[in-house]
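Everything on this sheet refers to the single structure shown next.
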Amino acid sequence: MYSKWWLSFALVLLVIGSVGAADGPQFGEPFPGLPQDVKALFLAGVNEFSAAEEANEGLGPVFNDVSCVACHSNPAVGGDSTITETRFGRMKGGKFDPMTEFGGSLLQVRGLEPDPAHACGPERIPAEATIVAKRKTTPLFGLGLVDNVPDAVLLGIAAAQRALTPEIAGEASIVTDATSGRTRVGRFGWKAQVATLVTFSADAYLNEMGITSPTFPMDNLPNGSADRLEQCDGLKGDPKVPEDNGDGVVAFTDFMTFLAPPPRGAITPQAIAGRVVFDRIGCASCHLPTLVTGPNKVRALNQVRFQPFSDFLLHDMGSLGDGIEQGRAGQRQMRTAPLWGLRVRTTFLHDGRASSLDAAILAHDGQGGGASAKFAQLDTGSKNALMAFLRSL
């Protein structure tokens with residue numbers, strides 16, 4: 001039973017929350033109040049992000065789709081989708097083998113066909129692969145804020161978890177940023193294997209569309225075959241020259257940098273009560289509500305408090321791990337998925353296996369198993385409140 005003061009407080013927050021959601025930028029829109037030159041960068045980035053690539057622009061020889069928006073469209077440009085990609089590997093000598101000699105570990109499902117004699121795709125999962133995993137498209141809203149969180153903040157969160165909650169302590173994903181060559185804390189991708197948005201953009205350009213850039217100047221070998229690459233890449237000019245000179249990568253980066261975070265849904269009294277449940281059963285320990293960006297010359301990114309509901313650290317998820325090793329992340333480790341924008345998603349978890357929020361929570365294992373078990377023991381009212389909170393994100 002809610003006390004009168006709590007209901008009064010909830011109604012105040014409801015009004016504040018509703019006004020904020022209505023007045024702020026909506027899905028797919030830029031941060032409000034950007035300088036005109038910065039907004040122009042965002043708009044140019046939207047166009048590049050949405051454009052379908054052609055073979056004479058570098059597409060292929062193997063790829064997953066012809067544009068970024070093909071996979072990032074729900075509920076607007078920059079969102080998620082139900083599309084999944086496939087990764088594969090095997091255990092060899094007690095260690096994970098990404099099977100690079102077979103083009104691993106990412107499967108490209110489409111290919112160019114320059115002439116009937118040289119069909120170039122799709123790749124196929126090698127018969128020798130013993131590990132096959134699906135990865136769901138992730139939403140991109142608000143990633144400019146995530147990009148501008150100092151490494152020291154994420155390292156500090158990991159240290160605090162080790163000291164205060166060692167049983168669920170996350171690990172920072174330390175990577176070498178391919179664009180700068182610097183050692184950084186990874187934060188993008190299901191395994192936090194990428195540290196910066198510019199490298200995230202270049203990685204997607206190569207691995208999802210087959211377009212090389214100064215960051216990644218070498219084409220993927222179709223199923224690991226140099227012969228197939230030579231046969232199938234004839235439409236694309238000098239293989240030693242990157243197909244994108246860097247302008248496309250920069251445009252993708254500008255789009256994601258200035259793409260506003262997802263707007264909050266209606267904050268009802270039940271949702272407010274659900275936030276209490278969220279904290280009580282331990283969800284907030286990993287799905288950290290608030291982070292703060294570092295200094296930035298753009299006001300929208302400068303020392304901003306924002307609510308992604310993630311610590312962006314790697315956690316041992318037990319049976320929910322996907323079996324793939326990537327960068328610092330082991331087979332059972334996954335990056336804490338941000339929960340902002342959850343209300344518009346239709347499938348959940350890294351492989352989209354869950355079609356409901358309660359199924360997603362119950363699937364948590366390993367370091368997430370304690371919160372999952374507490375959720376299972378909640379009374380109906382508390383579960384409903386928690387669902388209302390999650391659907392407000």
Point to revise | Which of S201, G323, V249, positive extreme of dipole for the range 4-390 (C-beta unit charges) | key: G323
**Study point:** Over the range 151-207: Kirkwood hydrodynamic radius from C-alpha pairwise inverse distances, Å
**Key:** 12.1
Check your understanding: So how tilted is helix 36-50 from the main axis of the chain? Cα-based, degrees 0 to 90, rounded to 10.
Key -> 60
Check your understanding: Using only the Cα atoms of the range 246-393, what do you get for the radius of gyration and for Dmax, in Å?
Key -> 16.8, 54
Study note, to complete from the structure: Scanning the chain, every Cys lacking a C-beta partner under 4.7 angstrom -> C68, C71, C283, C286
Check your understanding: In sequence order, what are the phi-derived ³J(HN,Hα) couplings for the range 69-75 according to the Karplus relation 6.51 cos²θ - 1.76 cosθ + 1.60 with θ = phi - 60°, rounded to whole Hz, with x for glycine and proline?
Key -> 5, 4, 10, 10, 9, 9, x
Exercise for review: Report ³J(HN,Hα) in whole Hz for each residue of the range 380-385, in order, from the Karplus equation J = 6.51 cos²θ - 1.76 cosθ + 1.60 where θ = phi - 60°; Gly and Pro get x.
Suggested key: 4, x, 5, 4, 5, 5
Revision key, fill the gap. Interchain or sequence-distant (5+) residues whose placed amide H lies within less than 5 Å of the amide H of S173 are G186, L314
Review point. If the limit is 27 Å between Cα atoms, which of K95/K134; K191/K240; K92/K134; K95/K191; K95/K136 go over it?
Key: K191/K240
Check your understanding: Two-decimal Rg/Rh of the range 4-390 from alpha-carbon positions, Kirkwood Rh?
Key -> 0.98
Point to revise | Using θ = phi - 60° and Karplus 6.51 cos²θ - 1.76 cosθ + 1.60, couplings along the range 141-153 (whole Hz; Gly, Pro as x) | key: 4, x, 5, x, 5, 4, 4, 9, 7, x, 3, 4, 5
Revision key, fill the gap. Sorted on mean Cβ neighbours within 10 Å (highest first), peptides 177-187, 28-38 come out as 177-187, 28-38
Check your understanding: All other residues with a Cβ under 10 Å from the Cβ of T215 taken together, and with Lys, Arg as +1 and Asp, Glu as -1, what is their net charge?
Key -> -3
Check your understanding: Using a cut-off of 20 Å between alpha-carbon atoms, which lysines can reach K39, once sequence neighbours fewer than 8 places away in the same chain are excluded?
Key -> K297
**Study point:** Per-selection Kirkwood Rh - the range 57-190 (Cα, Å, 1 d.p.)
**Key:** 18.1
Study note, to complete from the structure: Honestly the range 319-372 on the Cα gyration tensor test (a ≥ b ≥ c root eigenvalues; a/c under 1.5 rounded, otherwise a/b vs b/c for prolate or oblate) is just prolate
Point to revise | Fraction of the pair-distance distribution of the range 87-150 above 15 Å, Cα-Cα pairs, percent | key: 65
Check your understanding: Under unit Cβ charges (Lys, Arg +1; Asp, Glu -1), what dipole magnitude, rounded to 20 debye, does the chain have relative to its Cα centre?
Key -> 1940
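Where a number appears in this text, it was derived from the coordinates with a stated rule and is not lab data. All values derive from a computational prediction rather than experimental measurement. Note that each Cβ is placed from the backbone with ideal geometry, even for glycine, and that neighbours are counted across all protein chains shown.
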